[in-house]
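Since the structure comes first, as structure tokens, the remarks are kept for the end.
Bear in mind that the values in this text are calculations on the coordinates, not laboratory data. Quick caveat, the model's predicted, so the values are computed rather than measured. Quick reminder, even Gly has a Cβ in these numbers, built from the backbone with ideal geometry, and neighbours come from all protein chains shown.
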Amino acid sequence: MSKYTEKSVLSGGASMLKYLIRRVAYMVVTLFIIVSITFFLMKLIPGSPFVNAQKLSEAQQAVLNAKYGLDQPIPVQYFHYMINTFTGDLGVSFQFNNTSVTELLSYRVGPSAVLGLQAIILGTIVGIFLGVVGALRQNTWVDYSATFLAVIGKSIPSFVFAGLLQYYIAVKLGLLPTQFWNGFEYTILPTIALAMFPISICARFMRTEMVEVLETDYILLAKAKGAGYFEIAFKHAMRNALIPVVTVLGPLTVSLMTGSLVIEKIFSIPGIGEQFVKAITVNDYPVIMGTTILFAVLFVVVVFIVDILYGIIDPRIRVAGGNK
Amino acid sequence: MKKSKFSLLLVFLLVLTIFVSACSGKQSSDKGTASKDSKQEATILESQEMPAMDTIQASDTISFTTMNNVFEGLYRFNDKEELVPGMADGEPVANKDKTVYNIKIKDAKWSNGDPVKAQDFVYAWQRALDPEQKSEYGPYMMVGKIKNADKVYNKKAKPEELGIKAVSDKELQITLEKPIPYFQSLLSFPTFYPVNEKFVKEQGDKYAKTAKNLVYNGPFELSSWDGPQATTWEYKKNEEYWDKKNVSMTKLTFKVSKDPQAAVNAFEAGEADITPKLSTPAIISQYEGDKRMKRLLEPTVFWLKMNQGNKSLKNENVRRAIATAIDKEAFVNDVLQNGSVAAYYQIPKDFVHDESGKDFRDGMPKYLETNKDEAKKLFEKGLKELGTSKVTLNYLGDDSETAKTIGAFIKDQLEKTLPGLDINIQSVPFATRIDRDKKEDYDLQMAGWGPDYLDPITFSDLFITGGGNNHMGYSDKKYDQLLKDASGKLAAKPEERWKALQEAEKVLLQDDAALSPIYQRATNYLINNKVKGFVIHKVGPEFSYKWMKIEG
């Protein structure tokens, strides 16, 4: 780090701590609001959470409602729920016969997380590579093919890739399993299918930014000072071009982990996305709430990490105190 | 941060090598056992996880099927759809008015060596009616059938007063509220299975949470199941089962695959031997004529309910016009294309047979046959009687792809055949539709019903005045009386009872045009040619694997 940044970091030490505390407080408030809104929205969904509502008489349903505390007025239910949640008790699932929500989520979060992370890693590496190469070899066949690949990744939905990969590679060629989640080779096809979108996003951003950065004054200066080709490309240009990519990485990570619903279904992966939608369709309130909280926490934390990362990547962006 | 283009390339190559090594390292251990000669193992795909293995907590078909294979009740349906003794030793002995039954228990064991006792049944049934247990199927199956079930459930009587007693370790006595002709088949349902009380008490909270928290008295044991969220589970042959010499399969592996195309892909890749029900016409038409596809006409009927709370639908001419305006043959042949048949009845065919083997539907006429010209005339008459030239109706249906296609078809048929009729489609999730049905917040509703036991009254009962599933504002004294007779004075006279139920169906459809049956559903499965003896039941738990074997 240069003398300039060292100085501001030292003097910003105390304000950094203040900043962190403030951010964490914001996070808690945001989460509180998200959870509350979801609770009330969920109570508005019509329908009974009991799987056999059709077959039960009114009296029998009343007995069940009382047992689950569903007959109490909504504000009372809300109060109980918030207290329980903040002490770590997310309740029990209706459809899965009293399994605790925390247990259900922890069972499912693993596969989704692994899948999401693998897809992001593959996506960023390949995407950045394509973007950099395209920018460095602007308007050549290298650039055009890289751009073409990126466009395909963005325009064709992931489930189409999933279906094609499953059919041609797993069924026709028998190279990999068609589905399930029993080892590393099972993760390959779903990861590729899911990585197509991140590849295209990263490639596009990376290329655009790189092209812009390559035209700037300080690059010109570095060239004039005699810096080598690789040094310019990677030490100077790429680092600056990475910022927009980092911006997108945050929400992209979360949406991958959670929005891989279709991929999880096609490849029969026991993940969270798939469980979430099922819970909504059968009105399994505790699971709906628990999953929402999980997603909200994840998103808020990722945004926070991304902000911190900015500070590390680009000394120009200091978010502590008033050092803007 | 000194990354060079070279190191980026390195990373890329690393990723590539991982791929290549993984490809070459693919073991065939997951390739299903279809390729192994006569090894009695198979892999079966299910479309959902299994929410519960406690016999009183289950409400879904997959849990019921598993229970049917790892537990056993007093009676079970065999591979010829006959009711045969399970835990029972021989046939029940009834008293004169068929309200008290004595049943002897076989010499049978639980998988932990404990003998199966009559008290296991008493304990299980009392437990099903304990409101603390929050059982849904317990009250549903027992109230109104087993003596005092209602009172016990509402804590107005002690559990010991329930109509089931252990006369001795090996003899049960069951008392009913009234004679029930299909009583014996009811006993094959998991809610009535025995439960080992000692084991349950030892397990406490952990009872039925995973495979090792259960004991089994059926043809198989659950050798692995991690709980309701598990996406795979396994059976192994139960060596303590009384009839184990007739069980061939030694191991069955179940995996959950929710995407229809993915399930077919697994089947084609040799990773599975049986698929879940095929649902997409595209897939079904691909396998039309393929010996591996097994088709079954289910005893499930789908109909258009017509809410008489809407004044236009209270008019019988309007209802009859709607019922006869829809081309049901075109529907099953052009829209569904999966072997389902057009339904001109309420009680399905291939469902129940009398003692001589005659189907309930044999010799019965078709009701509400399609007749578009007549329909138009009836509708015009109805409009005149209502004093209006236009009628708008809300059509409530599910939001699955199939359901939406059905809705579009019906809307098209009705609007084209009956000018002046406007249909508004509302597609909602299943739970929402049930809720709105209960509130009678609909005009037309696409609904279906499958039987809970092997008797026509499971369908007829739906539409008595104020019945729990009526919700149509339908009330006909003649219908009610016929049903009352069937459950009352004709209960012990099967022939006359049957006639009463057939007459009731005529009243509902022919006389009153209360609803419009559309189709009876067929289901299709892909089954590996080496799998023999895969039994699919019409009522109650869906599948039995006791008679399955792998050949060739």
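General observations
- About its Cα centre, the dipole of segment B:289-441 is roughly 260 debye, where the only charges are +1 on Lys and Arg Cβ and -1 on Asp and Glu Cβ.
- Ordered by the count of other Cβ atoms within 10 Å of each Cβ, fewest first, B:S135, B:S389 give B:S389, B:S135.
- Sites B:K381 and B:K489, calculated FRET efficiency, Cβ-Cβ separation with R0 45 Å, nearest 0.05: 0.70
- Each label was represented as a point 7 Å from its Cα along the Cα-to-Cβ direction; for A:D217 and B:S168 these points are 10.6 nm apart.
- The calculated FRET efficiency for the pair A:V29 and A:F159, based on their C-beta separation and a Förster distance of 35 Å, comes to about 0.40.
- Links that overshoot a 23 Å alpha carbon limit, given the list B:K377/B:K411; B:K376/B:K478; B:K314/B:K384; B:K251/B:K532; B:K39/B:K106; B:K206/B:K546: B:K376/B:K478; B:K39/B:K106; B:K206/B:K546
- Label sites at A:A113 and B:T280, each approximated as a point 7 angstrom past Cα along Cα to Cβ, lie 3.3 nm apart.
- Hz values of 3J(HN,Hα) by residue in segment B:93-108 - Karplus curve (6.51, -1.76, 1.60), Gly and Pro given as x: 10, 9, 7, 4, 8, 6, 10, 10, 10, 10, 10, 8, 9, 5, 7, 10
- The phi torsions of segment B:317-328, fed into the Karplus equation with coefficients 6.51, -1.76 and 1.60 and a -60° offset, translate into couplings of 5, 5, 4, 5, 4, 4, 5, 9, 8, 8, 7, 6 Hz, rounded to whole numbers, with Gly and Pro shown as x.
- Eligible lysines near B:K151 by straight Cα distance, threshold 20 Å, same-chain separation 8 or greater: A:K55, A:K67, B:K134, B:K165, B:K178
- Using only Cα coordinates, the Kirkwood hydrodynamic radius of chain A works out to 23.0 Å.
- About the centre of its Cα atoms, segment B:189-313 shows a dipole size close to 320 debye [charges on the beta carbon of Lys, Arg (+1) and Asp, Glu (-1) only; nearest 20 debye].
- In the protein assembly as shown, the DSSP-assigned H stretches of four residues or longer account for a calculated mean residue ellipticity at 222 nm of -14000 deg cm²/dmol, using -39500 (n - 2.57) per stretch and the full residue count as denominator.
- Sorted fewest first by neighbouring Cβ atoms within 10 angstrom, A:L20, B:L396 come out as A:L20, B:L396.
- Couplings 3J(HN,Hα) for segment B:71-80, derived from phi with the Karplus relation 6.51 cos²θ - 1.76 cosθ + 1.60 (θ = phi - 60°), are 10, 8, x, 5, 9, 9, 7, 9, 6, 10 Hz, where x marks Gly and Pro.
- C-alpha long axis of helix A:239-259 to longest principal axis of chain A, angle in °: 20 degrees
- Against the main long axis of the alpha-carbon atoms of chain A, helix A:13-44 sits at an angle near 40°.
- Counting Lys and Arg as +1 and Asp and Glu as -1 over every other residue whose Cβ lies under 15 Å from the Cβ of A:Y167, the net charge comes to -2.
- Rounded FRET efficiency, nearest 0.05, which uses the C-beta distance separating B:E551 from B:R295 and R0 of 25 Å: 0.70
- Dipole check for chain B: with +1 at the C-beta of Lys and Arg, -1 at the C-beta of Asp and Glu, and the Cα centre as origin, the magnitude is about 700 Debye.
- Where only C-alpha atoms are counted, convex hull volume of segment B:108-152 per residue in Å³: 95 Å³
- Test item: A:266-276 mean partner chain Cβ contacts at 10 Å: 3
- Pairwise alpha-carbon distances in segment B:425-552 exceed 20 Å for 59% of all pairs.
- Inter-chain neighbour count for B:266-274: the average number of beta-carbon atoms from partner chains within 10 Å of each residue's beta-carbon is 4.
- Take the Kirkwood radius over Cα pairs of segment B:296-523, plug it into Stokes-Einstein at 4 °C and 1.567 mPa s, and you get 72 µm²/s for translational diffusion.
- Segment B:378-455, Cα convex hull volume normalised per residue, Å³: 136 Å³
- Taking amide H positions as modeled 1.01 Å from N, with prolines and chain starts lacking one, the residues under 5 Å from B:F543 and 5 or more places away or on another chain are B:H537.
- Reachable aspartates and glutamates, given that their alpha-carbon falls under 16 Å from the alpha-carbon of B:K145 and they are not under 8 places away in the same chain: B:D97, B:E136, B:E161, B:E177, B:D452, B:D455, B:D461
- Take the Cα of B:D205, step 7 Å toward its Cβ, do the same at B:N154, and the gap between the two points is 3.4 nm.
- Antiparallel bridge percentage (DSSP; both residues within segment B:296-523; nearest 5): 60 percent
- Taken residue by residue and averaged, Cβ atoms of other chains lying within 10 Å of the Cβ of A:99-110 number 2.
- Applying Stokes-Einstein at 4 °C and 1.567 mPa s to the Kirkwood radius of the protein assembly as shown, computed over alpha-carbon pairs, gives a translational diffusion coefficient of 42 µm² s⁻¹.
- Taking the charge dipole of chain B about its Cα centre, with +1 at Lys and Arg Cβ atoms and -1 at Asp and Glu Cβ atoms, the residue from B:T231, B:F183, B:I283 reaching farthest to the positive side is B:T231.
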